[in-house]
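**Q** One structure coming up, written as structure tokens, with questions to follow.
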Amino acid sequence: MSPTFRLKRVYDDPAPDDGVRVLVDRLWPRGLTKERAAADRWLKDAAPSPALRVEWHHDPARSDEFADRYRAELDRSPAREAVDELLALARAHGTVTLLFAARDPVVNHAAVLREHLSQALADEDGRR
């Protein structure tokens, strides 16, 4: 079973193949109950810092700059611990679905996080 990270809006219905569902937003999604979210975990520290989130404001023109700065945050505490937990979940369960509230399913922090996590797994495989 190869570890896999999937992306899904937290407002979308859960599916049997979601594996472990982890909300990776710093703020709880508006108007959503915990039951409806069906998140197994909420890792606030996996999300961008409040300052970076506000500065970026989901502007597609600034996506590359945002991604670089967010990746740098992911390599530092406390985000590093959240990344380690996500990697451990993927190793243990196979599939981890990263839940996010952003409207855009392509341009969002969870897509950058998934790329970062996938690269970390590839780096681990390369060291073996």
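The values are calculated or read from the model by the stated rules, or taken from the named source; none is laboratory data. Everything quoted here is computed from the prediction, not taken from an experiment. Cβ placement follows ideal geometry from the backbone for every residue including glycine, while neighbour counts extend to all protein chains displayed.
**Q** Determine, yes or no, whether Arg76 is part of a helix (DSSP H, G or I) and either modelled with pLDDT of 95 or more or surrounded by 12 or more Cβ atoms within 10 Å (Cβ to Cβ) (or both).
**A** Details: part of a helix (DSSP H, G or I): no; either modelled with pLDDT of 95 or more or surrounded by 12 or more Cβ atoms within 10 Å (Cβ to Cβ) (or both): yes.
Criteria not met by Arg76.
**Q** Could you list all residues from segment 1-21 that are more than 15 Å from Ala102 (Cβ to Cβ), aliphatic (A, V, I, L, M) and not in a loop (DSSP other than H, G, I, E, B)?
**A** Val20
**Q** Looking at Arg114, Arg21, Arg69, can you tell me which residue is more than 24 Å from Pro3 (Cα to Cα), of a type outside the set (Ser, Thr, Tyr) and either surrounded by 17 or more Cβ atoms within 10 Å (Cβ to Cβ) or in contact with a Phe, Trp or Tyr (Cβ under 9 Å, 6 or more places away or on another chain) (or both)?
**A** Details: Arg114 fails: more than 24 Å from Pro3 (Cα to Cα); Arg21 fails: more than 24 Å from Pro3 (Cα to Cα).
Just a single option satisfies the conditions, and that option is Arg69.
**Q** In contact (Cβ under 8 Å) with a residue 60 or more places away in the chain and touching a Leu at 6+ places or on another chain (Cβ under 9 Å): is that true of Arg80 in this structure? So that I can check it myself, show each step before the final result.
**A** Details: in contact (Cβ under 8 Å) with a residue 60 or more places away in the chain: no; touching a Leu at 6+ places or on another chain (Cβ under 9 Å): yes.
Against the criterion (in contact (Cβ under 8 Å) with a residue 60 or more places away in the chain and touching a Leu at 6+ places or on another chain (Cβ under 9 Å)), Arg80 does not qualify.
**Q** Mind checking which residues of segment 28-41 are outside any loop (DSSP other than H, G, I, E, B) and surrounded by 16 or more Cβ atoms within 10 Å (Cβ to Cβ)?
**A** So in segment 28-41, the residues outside any loop (DSSP other than H, G, I, E, B) come out as 34-37, 41.
The answer is Ala37, Arg41.
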